[in-house]
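*Asks:* Before we start, here is the structure in question, set down as structure tokens.
The values are calculated or read from the model by the stated rules, or taken from the named source; none is laboratory data. Keep in mind the model is a prediction, meaning the values are calculated, not measured. Cβ: placed from backbone, ideal geometry, glycine included. Neighbour counts: every protein chain shown. These accessible areas exclude ligands, DNA and RNA; they are computed on the full protein's heavy atoms, side chains included. Shrake-Rupley method; radii C 1.70, N 1.55, O 1.52, S 1.80 Å.
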Amino acid sequence: MAAPLVLVVLAAVTVRAALYRSSLAVFIAERVEVASPLNAWKRVVEGLALLDLGVSPYSGAIFHETPLIIYLFHFLIEYAELVFMITDVLTAVALYLAIQDFNKVVFKKQKLLIELDKYAPDVAELIQTPMEMHYIPLKVALFYLLNPYTVMSCVAKSTCAINNSVIAFFILATIKGSAFLSAVFLALATYQSLYPLTLFAPALLYLLQRQFIPIKLKSKSFWLYTMQYASLYLCSLVVIICLSFFLLNSWDFIPSVYGFILSVPDLTPNIGLFWYFFAEMFEHFSLFFVCVFQINVFFYTIPLAIKLKEHPVFFMFVQLAIISIFKSYPTVGDVALYMAFLPVWSHLYRFLRNIFILSCVLIFCSFLFPVLWHLWIYAGSANSNFYYAITLTFNIGQILLVSDYFYAFLRREYYLTHGLHLTRQDGTEAMLVLK
């Protein structure tokens, strides 16, 4: 399997290197779908210029990245293109290794449940075979490296690529069962963009399963392990934040990074839901609705944790999708990360209801983004309503896509235990409905 992965990596690096040397690089870097006020490369360059002049990069309203990022590029600015290409490759390799281990766990669990007669007798066609699972890690790496969204983020040198890499290593550490590394990488991801805090729940559930600790609120071992993992996470986060303070000798980065993410003061258009809504809103209502919009990202964590406590990796996939849809400054790079997991759920395709329509919606929206932007900003024949309409359609498409996968997953799990051929009490065929 190593040879195909190397070929995929070489193809991905070649595409990126060619685009870096083309005239498209500048155009892509300016696209609002690819770079946001948080992660745009030109803002990183501005922050570096201020740092070189001995001025705090957070003294103005331009730079909103974390101190570790600016100090990373302070030393590697001349090799920025190489750094972003290596970051993408590392992300793909981490996802490849994570899914490889996850498939082994799934196969062992599936084999055990078959031996214990936990599955219905007529569900043989729903059981995943080793042959079906063999190429899934390679497909995940392929979906990430050659996804146009990922390629554009890399070419634009959006720091979203670094966030994705940290999350990928967090997923790898979690699936490997390393609580310490999982907590460290989750702390780094939270430090970078705040919203990965919601990944704490699926990571904890997976690690509890690895340790064969029952997920019961009355269990002492459950609370002991939860406190250990939470302590590791919080200590790692405190250490990283203190390191940032020692680098800058100032706490200015906290309001400039996290205050900026939460209060959403910059209403530059992007593929998210915030900018248009708050541009049109009266000022005295904005605080309330900012809170409502921000809570939306975290709101689904507890109900999903209850429903998917036996399936933490699928829970993680859904949570990544929710973050990319509802965060304040999303880019296509965020979308690319959760889309890389779609091959993992290829066994759900037979239960998906609208996959073709939703795929077409997302593809057409991706092409219409630059068209409607041009009509609005350059041609003057459209206005912000047009661009927000396509943004709204894109996000609704994502929500329906994740909902479709969620429904398909629950449907397959129900069939595995109750059988494919459901009947009512009177012997007639029954239809499964998700309520």
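*Asks:* If I filter the range 47-67 for residues that are open to solvent by 30 Å² or more (accessible area, probe 1.4 Å) and within 20 Å of residue 333 (Cβ to Cβ), do I get at least one hit? I'd like the intermediate steps shown before the answer.
*Replies:* Of the range 47-67, the ones open to solvent by 30 Å² or more (accessible area, probe 1.4 Å) are 49-56, 59-62.
Then keep just the ones that are within 20 Å of residue 333 (Cβ to Cβ); that gives none.
Looking for residues that are open to solvent by 30 Å² or more (accessible area, probe 1.4 Å) and within 20 Å of residue 333 (Cβ to Cβ), one finds none in the range 47-67, hence no.
*Asks:* Could you tell me how many of the residues in the range 248-274 are at pLDDT 90 or above and assigned to a helix (DSSP H, G or I)?
*Replies:* Adding up the residues that qualify gives 12.
*Asks:* So which of 414, 349, 388, 407 is modelled with pLDDT under 90, hydroxyl-bearing (Ser, Thr, Tyr) and under 29 Å from the mean Cα position of the chain (by Cα)?
*Replies:* Values: 349 fails: modelled with pLDDT under 90; 388 fails: modelled with pLDDT under 90; 407 fails: modelled with pLDDT under 90.
414 is the lone residue from the list that is modelled with pLDDT under 90, hydroxyl-bearing (Ser, Thr, Tyr) and under 29 Å from the mean Cα position of the chain (by Cα).
*Asks:* Going through the range 155-183 one residue at a time, which ones are more than 16 Å from the chain's Cα centre (by Cα), within 13 Å of residue 85 (Cα to Cα) and either among the hydrophobic types (A, V, I, L, M, F, W, C) or open to solvent by less than 10 Å² (accessible area, probe 1.4 Å) (or both)?
*Replies:* Hits for the range 155-183 are 155, 156.
*Asks:* So, one more: Taking the range 191-220, which residues are aromatic (Phe, Trp, Tyr) and exposed (fewer than 14 other Cβ atoms within 10 Å of the Cβ)? Break it down stepwise before answering.
*Replies:* Keep residues of the range 191-220 that are aromatic (Phe, Trp, Tyr), which gives 191, 195, 200, 206, 212.
Answer for the range 191-220, where residues must be aromatic (Phe, Trp, Tyr) and exposed (fewer than 14 other Cβ atoms within 10 Å of the Cβ): just 212.
*Asks:* Here is a further query. Kindly indicate the residue of the range 364-397 that is buried (at least 17 other Cβ atoms within 10 Å of the Cβ) and polar (S, T, N, Q) and also farthest from residue 123 (Cα to Cα) among those meeting that condition.
*Replies:* 391
*Asks:* Which of the numbered conditions does residue 400 fail, given that it passes all the others? Conditions: (1) modelled with pLDDT under 95; (2) open to solvent by 30 Å² or more (accessible area, probe 1.4 Å); (3) under 27 Å from the mean Cα position of the chain (by Cα).
*Replies:* Unmet for residue 400, out of (1) modelled with pLDDT under 95; (2) open to solvent by 30 Å² or more (accessible area, probe 1.4 Å); (3) under 27 Å from the mean Cα position of the chain (by Cα): (1).
*Asks:* Within the range 103-131, how many residues are open to solvent by less than 20 Å² (accessible area, probe 1.4 Å) and among the acidic types (Asp, Glu)?
*Replies:* 0
*Asks:* Yes or no: residue 207 hydrophobic (A, V, I, L, M, F, W, C) and more than 23 Å from residue 73 (Cα to Cα)? Before the answer, list the steps.
*Replies:* Details: hydrophobic (A, V, I, L, M, F, W, C): yes; more than 23 Å from residue 73 (Cα to Cα): yes.
For residue 207, the condition - hydrophobic (A, V, I, L, M, F, W, C) and more than 23 Å from residue 73 (Cα to Cα) - is met.
*Asks:* Let me ask something else about it. Can you give me the number of residues within the range 171-196 that are modelled with pLDDT of 95 or more, within 30 Å of residue 263 (Cα to Cα) and among the aliphatic types (A, V, I, L, M)?
*Replies:* Count: 7.
*Asks:* Among 68, 50, which is within 27 Å of the chain's Cα centre (by Cα) and part of a helix (DSSP H, G or I)? Step through it out loud before you land on a result.
*Replies:* Working: 50 fails: within 27 Å of the chain's Cα centre (by Cα).
Residue meeting the stated conditions: 68.
*Asks:* Which numbered condition trips up residue 87, out of (1) surrounded by 15 or more Cβ atoms within 10 Å (Cβ to Cβ); (2) among the polar types (S, T, N, Q); (3) under 28 Å from residue 376 (Cβ atoms)?
*Replies:* Only one criterion is unmet by residue 87, namely (3).
*Asks:* Mind checking which residues of the range 21-42 are assigned to a helix (DSSP H, G or I), surrounded by fewer than 20 Cβ atoms within 10 Å (Cβ to Cβ) and either within 25 Å of the chain's Cα centre (by Cα) or without any contact (Cβ under 8 Å) to a residue 24 or more places away in the chain (or both)?
*Replies:* So in the range 21-42, the residues assigned to a helix (DSSP H, G or I) come out as 24-29, 41-42.
With surrounded by fewer than 20 Cβ atoms within 10 Å (Cβ to Cβ) added as a condition, the list becomes 24-27, 29, 41-42.
Those that are assigned to a helix (DSSP H, G or I), surrounded by fewer than 20 Cβ atoms within 10 Å (Cβ to Cβ) and either within 25 Å of the chain's Cα centre (by Cα) or without any contact (Cβ under 8 Å) to a residue 24 or more places away in the chain (or both): 25, 26, 27, 29, 41, 42.
*Asks:* Taking the range 205-230 on its own, how many of its residues are touching a Lys or Arg at 6+ places or on another chain (Cβ under 7 Å) and either in a helix (DSSP H, G or I) or free of Cβ contacts under 8 Å to residues at least 60 places away in the same chain (or both)?
*Replies:* First pass over the range 205-230, keeping only residues touching a Lys or Arg at 6+ places or on another chain (Cβ under 7 Å): 205, 215, 222.
Of the ones still in play, those that are also either in a helix (DSSP H, G or I) or free of Cβ contacts under 8 Å to residues at least 60 places away in the same chain (or both) are 205, 222.
The number of residues fulfilling the criteria is 2.
*Asks:* Could you tell me how many of the residues in the range 86-142 are within 26 Å of the chain's Cα centre (by Cα) and aliphatic (A, V, I, L, M)?
*Replies:* 18
*Asks:* Name every residue in the range 298-336 that is more than 22 Å from residue 207 (Cα to Cα) and open to solvent by less than 10 Å² (accessible area, probe 1.4 Å), in order of residue number.
*Replies:* 324, 325, 328, 329, 330, 331, 332, 333, 335, 336 - these are the residues of the range 298-336 that are more than 22 Å from residue 207 (Cα to Cα) and open to solvent by less than 10 Å² (accessible area, probe 1.4 Å).
*Asks:* Separate question: Could you grab me the full set of residues in the range 345-363 that are surrounded by 16 or more Cβ atoms within 10 Å (Cβ to Cβ) and not hydrophobic (A, V, I, L, M, F, W, C)?
*Replies:* 347
*Asks:* If I go through the range 2-25 residue by residue, how many of them are among the polar types (S, T, N, Q) and under 15 Å from residue 86 (Cα atoms)? Can you show your working first?
*Replies:* Of all residues in the range 2-25, those among the polar types (S, T, N, Q) come to 14, 22-23.
Retained after the next criterion (residues that are under 15 Å from residue 86 (Cα atoms)): 14.
Final tally of qualifying residues: 1.
*Asks:* Separate question: Would you confirm whether or not the range 91-102 contains a residue that is farther than 25 Å from residue 172 by Cβ and buried (at least 17 other Cβ atoms within 10 Å of the Cβ)?
*Replies:* First, pick out the residues of the range 91-102 that are farther than 25 Å from residue 172 by Cβ: none.
Among the residues of the range 91-102, not one is farther than 25 Å from residue 172 by Cβ and buried (at least 17 other Cβ atoms within 10 Å of the Cβ), which makes the answer no.
*Asks:* For residue 204, state whether it is under 15 Å from residue 312 (Cα atoms), at pLDDT 95 or above, more than 16 Å from the chain's Cα centre (by Cα) and not aromatic (Phe, Trp, Tyr). Before you say what the answer is, go through the steps one by one.
*Replies:* Details: under 15 Å from residue 312 (Cα atoms): yes; at pLDDT 95 or above: yes; more than 16 Å from the chain's Cα centre (by Cα): yes; not aromatic (Phe, Trp, Tyr): yes.
Yes, satisfied.
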